[in-house]
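Below is one structure, written out as structure tokens; comments come after it.
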Amino acid sequence: MSGLKVLISGASVAGPALAFFLARAGAKVTIVEQAPSLRTGGQNVDIRGVGLKVVRRMGLEAAVLNRATHEEGVAFVDASNRRRAEFPVDATGQNLSMTAEIEIMRGDLARIFYDATCDDVKYVFGDSIESMVEKDEKVNVSFKHGLKQQFDLVFAADGLGSPTRALIFGHDKQNSPIKSLGQYGAWFTIPRHESDGSWARWYNAPGRRLILLRPDTKAEASQQISRASLWICSDSTRMQGYSKLTIAEQKAMMHDLFVDAGWEASRVLAGMDSADDFYMQEVAQVKMDECWSRGRMAVLGDAAYCPSPLSGMGTTVAMVGAYLLAGEVARSPNDPLAAFASYERLMRPFVTKAQKLTPGAPWLTNPETAWGIWVLYSILNMLSWTTGLQAFLGRFINPPVNAIVLPDYEELSGNR
């Protein structure tokens, strides 16, 4: 691995995790990120089961636990803020739970990974890959701002809509691997209110609308915030064109959609207006029927196999993929085709399980009518009081958090 030059596109979670292990194995790694600086915003992300094992192998468990949100569970509330059903954290993984054993903000996790790699990995912010040509066992890369460099391997870890993935595989709108689930979400932070406790609160409004408020209690009391998100299931052309709108236009659209939603909608929308970390995205999965590599280039994380926020597995899958990809490359640094084939052979069954959503999601948990919401909450209330039934359903619904056995890679142990 010594001297192997690697380029990774994307500085969120999967990219820096891959860089961590490759650098530990001796590679010279560069990460390019189109954002002007490290993006520290974003929603809660879950670290579950085997994902936590990867964190431990990085030696970062204490840092992650120190930044956890300490969310105690999810409460379903009505327009009067009455709790209709509650699902606490379940560390055993046996009962139904919507809160993972470790909840952390995406930006906090990105910062932890950045701090753990910045001394050994070169970060280039505010740039992106413009083109790539593989020749003579090298990849010639041209960057948007004019720089041209040569690398041994290139990896795309730049998210759901990965432009680097499109360069590698020639994807366009007609053959895009992005599979929409018909739901759209907007995330942002708002000032903490006395009604915000240590539980997340889930509120359904007619019209397949959802408001979710999640705690972030790790800061001092005067600095504590709440993480808000607005969700809507829709197949309208208006929603499908969200990505062409400016942030101001997206906020205006969410105002129109949620102004009459009830509950704490007015407070959430007022907080959204002043939020500087607002972002909106389609809820979707990435399903690549073709292989995850081409020549000396490969994809990982959401760019390769996004399971969607509905799965609760995105971060765990990304970290496991980064670990396996780094391990296989470290084992076969002179044969990337063999390394990529082994990575996919180990990873694809896990991805298939992680991408298997509850039938009817997300539409069933976002009813169209007030009557439908009453039925949903009644069913959830019954489940919340029936632990035996929870345990039974959990066998089929809970994420497959331990559905893969991590190999031990001596090359990644740091004992070279």
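The values are calculated or read from the model by the stated rules, or taken from the named source; none is laboratory data. The structure presented is a predicted model; accordingly, all values stated were derived computationally and were not measured. Every residue, glycine as well, gets a Cβ built from its backbone with ideal geometry; the counts of neighbours run over all protein chains shown. To get the accessible areas, we keep the full protein, side chains included, count just its heavy atoms, and leave off ligands, DNA and RNA. Shrake-Rupley method; radii C 1.70, N 1.55, O 1.52, S 1.80 Å.
Residues in region 301-354 that are touching a residue at least 60 places away in the same chain (Cβ under 8 Å) and not in a helix (DSSP H, G or I): Gly301, Cys306, Ser308, Gly312, Met313, Pro333. In summary, Asp302 fulfils each of the numbered conditions (1) modelled with pLDDT under 95; (2) closer than 19 Å to Gly42 by Cα with the single exception of condition (1). With respect to Arg24, is the statement that it is surrounded by fewer than 19 Cβ atoms within 10 Å (Cβ to Cβ) and of a type in the set (D, E, K, R) true? Judged against the criteria, Arg24 is not a match. When region 351-406 is filtered for residues that are at pLDDT 85 or above, open to solvent by 70 Å² or more (accessible area, probe 1.4 Å) and of a type in the set (A, V, I, L, M), the ones remaining, listed by number, are Leu364, Ile379, Met382, Val405. Number of residues in region 40-56 that are within 23 Å of Ser9 (Cα to Cα) and surrounded by 18 or more Cβ atoms within 10 Å (Cβ to Cβ): the value is 9.
Within region 75-95, can one find any residue that is modelled with pLDDT of 90 or more, part of a loop (DSSP other than H, G, I, E, B), of a type in the set (A, V, I, L, M, F, W, C) and under 29 Å from Phe125 (Cα atoms)? No - not one qualifying residue is present in region 75-95. Entry remark, region 57-68: residues being of a type in the set (Gly, Ala, Ser) and open to solvent by 60 Å² or more (accessible area, probe 1.4 Å) number 2 in total. Could you go through region 259-276 and let me know if any residue there is under 22 Å from Ala361 (Cβ atoms) and buried (at least 21 other Cβ atoms within 10 Å of the Cβ). Yes, some residue in region 259-276 is under 22 Å from Ala361 (Cβ atoms) and buried (at least 21 other Cβ atoms within 10 Å of the Cβ).
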